[in-house]
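> One structure, pasted below without further comment.
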Amino acid sequence: MRVSELLKQIREPWLKRASHSLLRGEEGREALDHTLSRFYDLLLQAIATGDPGWLKPILVEWASLRTEDELLQDDLSLSPVMGALVTETLAVARQNLSPEETNELIEALMPIFTYSYTEIARQEIAVRVSYVTAKLVNVKDELERLDRSKSDFISVAAHELKTPLTLIEGYAAMLREQIKKEEETSPLVLMLRGVDNGTRRLGEIINDMIDVSLIDNDLLMLSFQPTWVNRVVELLVEELTPLAAERSQEFTITPFDGWQEMTYADTERIHQALRNVLTNAIKYTPDGGRIEIGGRKLPGFIEVTVADTGIGIDQEDQSVIFRKFGRLGAVATHSSGKTKFKGGGPGLGLPITKGILEAHGGTIWVESDGYDEAALPGSIFHVLLPLRGEPPDAKAARLFQPVHDTTEI
Ligand code: ADP
């Protein structure tokens, strides 16, 4: 108990020195003195019981009182405070006690100070981690809110644009009727063709905007029907061959084992997804290039690959292109058409394709050695689609099931 007595003996000078070492001016002195005297009392308890844990509540309290500015800084600012208290204890003991008493006191206080240092660092880190976590949650919420408002905007804009577009289409149709009756060779016919092309393209963009907002909001409805991927691809190649021919490009199909297998899928949506991949292959491949379609059967899946001899895609952009508006800055596009070389669109095609495939339980990814308009490394898009022997939707499944006797229930 001698150490407790020694500690009690130096209480007053310790409080004075510690207080002046930690605070220069007078503002806040009373509160500081109060907290230092609480610390000292707990120190006495720790010495008396041999349990440094007595100090924990005040250390936790100090760590939690840190300001936002302090939390943003990297250093642990309570450790210097603890350092100052240790130094002052040593100085006060030396001034007021004999060397033997000082040694005895310091020896007893050392484990308590070590505990305090460790605890203070632990508490500070815990407080900082929870502060940073809260900040991250805020940022995540904000990003989600922004993404939601972007998605809301797309949906509202698309629906608002649809009405005037229908009006333009209606009036264009009426004009076409008028012109037919008067004269077929009129320059107005040419102008009307321009209006038709413009409205068709605008309609496609609006439909893409609607699809993106359906996918964003998990509202894409699939109608599963027996689907033969080979037939969808062959149909698309037939449809796109004239466009590819304009660019002197050639399609080749290499059938593979499983190529002709039936699966349940939304045929129209799969057609749309593969159409996006194939028109991109035309768009991002210079005139005279090749587009090769192949694939393989995997356990439970069919994988279709579309390889082109085009400009390729940099490694770091290979995930960006599947995000909304993921057009690449490095690729200088122009909006002159769906299949013209680098005739860029709004950057919605691949996110829609990915959304459609994921809604089916499949996915899409790309492989490319990089973007190079001179060397033309090309890209290979991999489309993975589950092979389903029956539609996944329970209601639809019942419709396709053979009728059986239910009377025994
Ligand atoms: P966009 O309307 O711009 O074509 P997509 O979503 O279809 O939008 O494609 C996004 C971007 O991915 C394109 O702008 C292009 O930079 C890149 N890209 C897509 N397909 C290919 C390809 N086959 N070769 C090279 N780049 C491609």
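The values are calculated or read from the model by the stated rules, or taken from the named source; none is laboratory data. In this text, all values refer to a predicted model and were calculated from it rather than measured experimentally. Cβ placement follows ideal geometry from the backbone for every residue including glycine, while neighbour counts extend to all protein chains displayed. In case anyone asks, the SASA skips ligands and DNA or RNA and just uses the protein heavy atoms, side chains included. Shrake-Rupley method; radii C 1.70, N 1.55, O 1.52, S 1.80 Å.
> Can you find a residue in region 83-104 that is modelled with pLDDT of 90 or more, open to solvent by less than 30 Å² (accessible area, probe 1.4 Å) and outside any helix (DSSP H, G or I)?
Yes, that holds for at least one residue.
> Exactly one of these conditions fails for GLY355: (1) crowded, with 16+ Cβ neighbours inside 10 Å; (2) over 19 Å from the mean Cα position of the chain (by Cα); (3) not basic (Lys, Arg). Give me its number.
Condition not satisfied by GLY355: (2).
> When the residues of region 362-395 are filtered to those that are within 12 Å of the ligand (Cβ to nearest atom) and part of a loop (DSSP other than H, G, I, E, B), which remaining residue is nearest to ARG327 (Cα to Cα)?
Per the stated criteria, the residue is TYR371.
> Could you check PRO187 against (1) at pLDDT 85 or above; (2) exposed (fewer than 12 other Cβ atoms within 10 Å of the Cβ) and say which number it fails?
(1)
> When you go through (1) under 26 Å from the mean Cα position of the chain (by Cα); (2) within 9 Å of the ligand (Cβ to nearest atom); (3) modelled with pLDDT of 95 or more one by one for GLY349, which number turns out not to apply?
Only one criterion in (1) under 26 Å from the mean Cα position of the chain (by Cα); (2) within 9 Å of the ligand (Cβ to nearest atom); (3) modelled with pLDDT of 95 or more is unmet by GLY349, namely (3).
> Something else now. Go through region 295-319 and give me each residue that's in contact with a helix residue (DSSP H, G or I) (Cβ under 7 Å, 6 or more places away or on another chain) and under 16 Å from ARG388 (Cβ atoms).
Hits for region 295-319 are ILE302, VAL304.
> In region 284-324, which residue that is among the acidic types (Asp, Glu) and farther than 15 Å from ILE253 by Cα is nearest to the ligand (Cβ to nearest atom)?
ASP317
> Do we have GLY345 as assigned to a loop (DSSP other than H, G, I, E, B), in contact with an Asp or Glu (Cβ under 9 Å, 6 or more places away or on another chain) and surrounded by 16 or more Cβ atoms within 10 Å (Cβ to Cβ) here? Steps first, answer last, please.
Values: assigned to a loop (DSSP other than H, G, I, E, B): yes; in contact with an Asp or Glu (Cβ under 9 Å, 6 or more places away or on another chain): yes; surrounded by 16 or more Cβ atoms within 10 Å (Cβ to Cβ): yes.
Yes: the conditions hold for GLY345.
> Out of all the residues in region 307-322, which are closer than 13 Å to TRP365 by Cα and crowded, with 23+ Cβ neighbours inside 10 Å?
Matches in region 307-322: ILE313 only.
> Within the set of pairs 6+ apart or on separate chains, which have a first residue in region 338-367 that is of a type in the set (Gly, Ala, Ser), a second that is part of a helix (DSSP H, G or I), and C-beta atoms under 6 Å apart?
GLY343/LYS283; GLY349/ASN276; GLY355/ILE215
> Now a separate question. In region 272-283, which residue that is open to solvent by 20 Å² or more (accessible area, probe 1.4 Å) and within 15 Å of GLY355 (Cβ to Cβ) is nearest to the chain's Cα centre (by Cα)?
ASN276
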